1. Condition first: part of a loop (DSSP other than H, G, I, E, B) and of a type outside the set (F, W, Y). Can you find one or more residues in segment 390-399 that meet it?
2. Applying the selection to segment 90-125, what residues are open to solvent by less than 70 Å² (accessible area, probe 1.4 Å), modelled with pLDDT of 70 or more and assigned to a loop (DSSP other than H, G, I, E, B)?
3. Restricting to strands (runs of 3 or more DSSP E) lying wholly in segment 236-346: which have 3 or more residues that are β-branched (V, I, T)?
4. Counting only residues that are assigned to a helix (DSSP H, G or I) and touching a strand residue (DSSP E or B) at 6+ places or on another chain (Cβ under 8 Å), which one in segment 361-389 is nearest to R138 (Cα to Cα)?
5. Out of segment 177-206, which residues are closer than 15 Å to R242 by Cα, touching a residue at least 60 places away in the same chain (Cβ under 8 Å) and in a loop (DSSP other than H, G, I, E, B)?
6. Among (1) surrounded by 19 or more Cβ atoms within 10 Å (Cβ to Cβ); (2) in a loop (DSSP other than H, G, I, E, B); (3) of a type in the set (F, W, Y), where does Y402 come up short?
7. Has segment 290-300 got any residue that is modelled with pLDDT under 95, over 30 Å from the mean Cα position of the chain (by Cα) and open to solvent by 10 Å² or more (accessible area, probe 1.4 Å)?
8. Working only within segment 219-244, note down all residues that are under 19 Å from L264 (Cα atoms), open to solvent by 70 Å² or more (accessible area, probe 1.4 Å) and more than 25 Å from the chain's Cα centre (by Cα).
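The values are calculated or read from the model by the stated rules, or taken from the named source; none is laboratory data. On a predicted model such as this, the values are computed, not experimentally measured, just so you know. Note that we place each Cβ from the backbone using ideal geometry, even for glycine, and neighbour counts take in every protein chain shown. Please note that ligands, DNA and RNA were not included when accessible areas were found on the heavy atoms of the full protein model with its side chains. Shrake-Rupley method; radii C 1.70, N 1.55, O 1.52, S 1.80 Å.
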Amino acid sequence: MPIITPDDVDTRPPGPVRSGSWAEAAAAADAAADLTAPEGASAEGASAEGASAAAVPPLPPRAAAPAAPETAPAVPARPSRSTRSAGRAAAQAAPGTDFTSSPGFVRAQKPRPKGGFRGALFAMTGGGINLGPSARQRAEDELAKRISRQLQGSYNTAILSLKGGIGKTSTTVGVGLTLAEYRGDPPCAIDANPDSGDLVERALGEGLYQQQSPRTITDLLQNIEQVDSLTELARYMHHAGRLHLIAGEQDPEVSDSLTAEEYLRIRKLVSGYYSVALTDCGTGVTHNAMSGILQSADNLIIAAGYAVSGAKRARATLHWLAGHGYEELARNAIVVITDKDEVSSRVDKDAIEDHLSGICRQLIAVPHDRGVADGDLVTLDVLRPETRRAYKEIAAAIVDGYV
């Protein structure tokens, strides 16, 4: 190939492509190559090839590398940005080229296995042998995807029961921490329990909560007109990792005075900054704030236990909701049965589950776990794997109800 110097570069602005221009360039290149051909080469052959190229432009033959010159050749001038842009535009406009459907240049990697024999084999071979994730890991990954789905707007899940001490608040904390672990945006949990709720104590631990400024939902209501940013709202909140909490009032006379209108003001404020909110309602469905909570709820968790009385109350709660204008909430409710007291073998757990499963969208059982049953701090690190999985299933079911 001839050496092109800066003087040879055509600096004229790019014009429309002329028919036969590629043939003329090929003929010129053949003529220039003829000057450097070795002795004995046929000029007639070169002329014939040039004429043939002018007639039908074939692909040019691969030229032999020229001998190294005694002096270094001049570096070809780099095309200007406008020239390169015009070249790309002309290439993209060329007919018959579909760049949108071109295959990717990088093969999708098989997911890396975690733990177990597959994970050990992957680690031992430095990734050379990848059997992919197990069925259990695939199920866990699917739960994580369901929990982490992006949401348009703000949603609220109310957690309620007709009986205390059956895992309602521990479920709120465990599910809230799980949502915080897998979602890109932090969730908010609101303690609307009229009976001196302990939501924040269960999430932070009683000692840490008492060391902090005891801001409550009452303090927020008193200053709600001045809260116009997340920074201002954070002054009235507590944080268990990425789970943000609004504490309930500890004085029963004050907490029981929370009205439906006041709760709706809190809910409206929270909806401006959080896509997922959980409301711990306490026991009962007739206290002052309950109509506002149900009015703003997108779905419900009904807490129940394996004791016969707990199962009957859960069913009664669903019937009450269906009979008081909340039939859709009842139909789409998630019933969570927590084996908090590790009931004896005399209790037929299957019969209790069958008793409840037909009148709700989903029933999920939380196994007995000391990290929940003690009534103290709930933290995911100390829970059994089966308990953590149950909270993942509840979190995924909650988000399912939003989309």
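1. No, the conditions are met nowhere in segment 390-399.
2. P113, G115, T125 - these are the residues of segment 90-125 that are open to solvent by less than 70 Å² (accessible area, probe 1.4 Å), modelled with pLDDT of 70 or more and assigned to a loop (DSSP other than H, G, I, E, B).
3. Counting at least 3 such residues, we get 276-283, 334-338.
4. So, considering only residues that are assigned to a helix (DSSP H, G or I) and touching a strand residue (DSSP E or B) at 6+ places or on another chain (Cβ under 8 Å), the one nearest to R138 (Cα to Cα) is T387.
5. Across segment 177-206, the qualifying residues are R183, D185, P186, P187.
6. (1)
7. Looking through segment 290-300, at least one residue is modelled with pLDDT under 95, over 30 Å from the mean Cα position of the chain (by Cα) and open to solvent by 10 Å² or more (accessible area, probe 1.4 Å).
8. Q222, E225, Q226, D228
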